[in-house]
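Q: Structure in structure tokens, see below.
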Amino acid sequence: MTVIDPTARVASGAVIGRDVFIGPYCMIDADVTIGDSCRLAGHVHVTGNTTIGPRSMIYPFASLGTPPQSVKYRGGPTRLVVGAQCDIRENVTMNRGTEDNGGITEVGDRCFFMVGSHVAHDCKVGNDVTFANNVVLGGHVTVGDFVVFGGQAAVRQFVRIGQSAMVVGLSGVRADVIPFGLVQGPLADLIGLNVVGMRRRGLSKDAIHRLRKAYDSMFFGAGTFRDRLDKVEAESGDNPLVAEVIAFIRSGSRPLTMAIRRAQVQESP
């Protein structure tokens, strides 16, 4: 049974699913869709053309679907779409898209947004992504599945972050992060691979070993980076993890500009 607290304000036209709880002092505007079995604890603001997927939990003072913080926004009917089973903690903010790039901000399923994190306009966030406290994404950022952000990490606009990457807390990401990469530092140097994350996903020891070997060859071998990339593709391109990293690098609209250094300690798989 759907329960709406008498102090909440749900505009006519809003679509509220089955078995939804809308707590005290929530504000739901007319173009909003709330999926089945969602829980809005109280003081939640959902506005604009926004869809919240089923079984999501939203905590007090989250504000979702507000206009983009962009001087290029022209007032159009852009959207925010949040997937199923997301956990959205206090003071999280997510903006709708601008009219550019399809006009939509998208968040996948089972994402965890801790206190104060922000998803800017036109971002595409994959499934099973974790944002620790006060993580912020600039506009047009693309985040793959299973990415983890440490607290107070910040990502510059138009950056791509590949799946299963780990961004250590307090890092400022200003360039693309390869899939399975581990980045750290004020300017987010690439310091290795997210071995712990890969193990937690159940990837095989052999697959991880081959990716680590390919990583060393790509970034620390002899010759130019282009030559090393071609060589790794020829030798290990049949490994799906290696192939994904190579495809990510080749598909970028700009070359990798992140500083690369060896981590002092590298955990074995």
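Q: Would it be correct to say that Ser204 is within 23 Å of Ala247 (Cβ to Cβ), modelled with pLDDT of 95 or more and not aromatic (Phe, Trp, Tyr)?
A: Judged against the criteria, Ser204 is not a match.
Q: Checking the conditions here, which among Leu182, Leu241, Leu256 is assigned to a strand (DSSP E or B) and in contact (Cβ under 8 Å) with a residue 24 or more places away in the chain?
A: Working: Leu241 fails: assigned to a strand (DSSP E or B); Leu256 fails: assigned to a strand (DSSP E or B).
Just one listed residue meets the conditions, Leu182.
Q: Related question: Taking the range 10-33, which residues are under 21 Å from Arg96 (Cα atoms) and surrounded by 14 or more Cβ atoms within 10 Å (Cβ to Cβ)?
A: Residues satisfying the conditions are Val10, Ala14, Ile16, Cys26, Met27, Ile28, Asp29, Asp31, Val32, Thr33.
Q: Would you pick out the residues in the range 164-220 that are over 25 Å from Val141 (Cα atoms), small (Gly, Ala, Ser) and surrounded by fewer than 20 Cβ atoms within 10 Å (Cβ to Cβ)?
A: Hits for the range 164-220 are Gly202, Ser204, Ala207, Ser217.
Q: Kindly check whether there is at least one residue in the range 72-80 that is without any contact (Cβ under 8 Å) to a residue 60 or more places away in the chain, among the basic types (Lys, Arg) and assigned to a loop (DSSP other than H, G, I, E, B).
A: Taking every residue of the range 72-80 in turn, at least one turns out to be without any contact (Cβ under 8 Å) to a residue 60 or more places away in the chain, among the basic types (Lys, Arg) and assigned to a loop (DSSP other than H, G, I, E, B).
Q: Would you call Arg261 in contact (Cβ under 8 Å) with a residue 12 or more places away in the chain, out of contact with any Leu (no Cβ under 8 Å at 6 or more places or on another chain) and closer than 25 Å to Thr142 by Cα?
A: Judged against the criteria, Arg261 is not a match.
Q: For the condition over 30 Å from Arg262 (Cα atoms) and either touching a strand residue (DSSP E or B) at 6+ places or on another chain (Cβ under 6 Å) or in the same structural domain as Asn49 (by TED's automatic domain parsing) (or both), what is the one hit in Val119, Val147?
A: Val119
The values are calculated or read from the model by the stated rules, or taken from the named source; none is laboratory data. For clarity, every value in this text was computed on a predicted model and none was experimentally measured. Cβ sites come from the backbone with ideal geometry, for glycine too, and all protein chains shown count toward neighbours.
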